[in-house]
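One structure below.
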């Protein structure tokens with residue numbers, strides 16, 4: 001797969017539409033109000049609902065687009081966040097006497113897809129950790145990253161001014177509608193990191209064709 005080159009047709013694919021939360025896939029919290037944590041919910045199709053596999057260990061609720069988790073007693077539970085169409089995100093919760101993981105560094109959404117013709121900025125939200133933050137991209141040819149406060153923005157390539165890709169197989173055969181993944185990383189002031197994937201989709205016009 002090569003960055004910079006062809007693609008076709010329509011401009012951009014909607015990004016960030018998949019259901020997501022700002023929570024890590026697994027958290028550890030303390031019992032009681034001191035260990036309570038809240039995370040943002042986005043994407044998918046509202047209205048959102050949530051369930052706990054063990055409400056006697058971890059109680060959950062949703063207000064607007066915020067997920068609230070409170071440790072009730074020591075143990076473990078699985079939290080499901082669902083949207084109106086049944087898409088779900090799972091969070092494994094361990095409740096104990098330890099410190100809350102509410103300060104863990106996370107970034108949301110964890111994955112977006114964008115068409116190679118798109119020049120729209122892609123926005124990720126940063127949660128937790130210890131600021132100030134720094135941002136990195138695995139490929140500056142097709143992306144340019146910046147941070148303002150707790151918002152990470154991915155623009156087009158700093159040098160090329162676009163997101164054009166040339167998806168090919170190992171023998172150089174063009175893959176119509178192929179994709180190319182760019183890893184976006186945020187680092188906090190203590191060295192913790194979180195990543196998201198921006199998938200760029202070829203527009204189908206051919207190698208070095210149809211892309212600005």
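Taken together, the values in this text are just the output of simple stated rules run on the coordinates, not laboratory data. What you see is a predicted model; the values in this text were computed from it and never measured. Every residue, glycine among them, receives a Cβ derived from its backbone with ideal geometry; neighbour counts consider all protein chains shown.
Which percent, to the nearest 5, of DSSP beta bridges fully inside the stretch 20-96 are antiparallel?
80
GNM on the chain, C-alpha springs below 10 Å: top fluctuator among 188, 171, 139?
Result: 171 has the largest fluctuation of those listed.
Relative contact order of the chain, please, whole-number percent, based on alpha carbon pairs below 8 angstrom and at least 6 residues apart.
27
For the chain, give me the percentage of DSSP beta bridges that are antiparallel, rounded to the nearest 5 percent.
Within the chain, antiparallel bridges account for around 85 percent of the total.
Just rank 85, 90, fewest to most, by other beta-carbon atoms within 10 angstrom.
Ordered by Cβ neighbours within 10 Å, fewest first: 85, 90.
Before anything else, pin down the relative contact order of the stretch 20-96: Cα pairs under 8 Å, at least 6 apart, normalised by residue count, whole percent.
Contact order relative to length: 37 percent.
For the stretch 109-212, compute Rh as the Kirkwood radius over C-alpha pairs and then the Stokes-Einstein diffusion coefficient at 37 °C and 0.692 mPa s; write the answer in µm²/s, rounded to an integer.
Values: Rh = 14.3 Å.
Result for D is 229 µm²/s.
Taking the chain as a Gaussian network, where each spring joins two C-alpha atoms under 10 Å apart, which residue of 63, 40, 137 fluctuates the most?
Result: 63 has the largest fluctuation of those listed.
At q = 0.18, 0.27, 0.28 Å⁻¹, work out log10 I(q)/I(0) for the stretch 20-96 with the Debye formula, treating every Cα as an identical point scatterer and leaving solvent out; two decimals please.
Result of the Debye calculation: -0.61, -1.28, -1.35.
Could you line up 113, 49 from fewest to most neighbouring Cβ atoms inside 10 Å?
Final ranking by Cβ density, sparse to dense: 49, 113.
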